[in-house]
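Report on one structure; see the data block that follows.
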Amino acid sequence: MTQPPTPLLSLQQVSMQFGSQKVLHAIDIDIAAGQTLVVIGESGCGKTVLLKLLIGLLRPTVGRIVFDNKVLVDLPERELTRERLRFGFLFQGAALFDSLSVYDNVAFGLRAQGRPEAEIKEVARQRLMEVGLPAGVMPKKPAELSGGMKKRVGLARALALDPEVMLYDEPTTGLDPIMTDVINELILQTRRRAAAGPGAPEKRGMTSVVVTHEMRTVHKCADRVVMFYPLARLRPGENQILFDGSPAALESCPDPRVRQFVEGEARDRLLEMARQDGGPA
């Protein structure tokens, strides 16, 4: 029998706690190379913490993160920094440097690597073009950009170093439906561009982990969906991962908590909150 491929990323019995606050508990997730995993769940259930664990910005309280057969917590800081360069991270608010121009934002990581300025300028121009922004935007400051433009500049900056893994933290938050679809298309294009790069057809595309509340992103971008649930509301002995499967299977999941999230239905939650507050059930 053929053995399944070794996952590129693996969370093994990962728990995370800040002081007395438990955020993640006993999480097991294997992420294959080239897969687009979309993580959904209510606010406060640990989705952004998951991304920071994957890139080594946080160390798990319990368990371990394995990336490309390396246990991140075991790596010296210098080697961990090298491994982080294999990741791109699109932050929820784009996290651009307000005092720098668009060009200097995109060039930031390339300059840290000591690349020649002529090469940096060409890479910045190319990456901005790939996210639909003209060269004329390069001298602008973030304050001069719309929310959608900031997201695209953040994506261009993340892609400038040709990462193997892209992490997206709520990439469409605060955007209108059309710009939401633009960002979703860019997530797909990023994966296709990686698949068509050096080493194709062997390359399977960029590995992506997307944290979102947006169901349009789930249906358009996901190969696989994982849904987290807040620890405080779990039943005794229940797994924090309520769902792990395809977008199609998500729609037919029998768990009412999953259906409530997918359908955006508030009635059951309001009743639950009323019971917790001692009001009428």
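From least to most packed, judged by other beta carbons within 10 angstrom and beginning with the fewest, Met166, Met149, Met129 follow the order Met129, Met149, Met166.
Would you mind ranking Tyr168, Tyr229 so that the residue whose beta carbon has the fewest other beta carbons within 10 Å leads the list? Before the final figure, lay out the partial values.
Details: Tyr168 30, Tyr229 22.
Taking fewest neighbouring Cβ atoms as first place, the list is Tyr229, Tyr168.
What's the center-to-center distance, using Cα atoms, between region 152-179 and region 50-115 in Å? About 14 Å separates the Cα centre of region 152-179 from the one of region 50-115. When Rg and Dmax of the Cα atoms in Å is calculated for this entry, the matching label among (i) 30.9, 104; (ii) 19.9, 68; (iii) 18.6, 57 is (ii).
Ranking of Ser246, Ser10 by neighbouring Cβ atoms within 10 Å, starting from the fewest: Ser246, Ser10.
Angle of helix 117-130 to the longest C-alpha principal axis of the chain, folded into 0 to 90 degrees and rounded to 10: 50°.
Helix 177-195 and the longest principal axis of the Cα set of the chain meet at an angle near 70°.
Ignoring lysines fewer than eight residues from Lys151 along the same chain, the ones with Cα atoms less than 25 angstrom from its Cα are Lys47, Lys52, Lys121, Lys140, Lys141, Lys220. Build a GNM of the chain with springs between Cα atoms under 10 Å apart, and of Arg86, Arg115, Arg127 the one that fluctuates most is Arg115.
Coordinate-derived values only; no laboratory data. Model, not experiment: these values are computed from the prediction. Here Cβ is always computed from backbone atoms with ideal geometry, including for glycine, and neighbour counts include all displayed protein chains.
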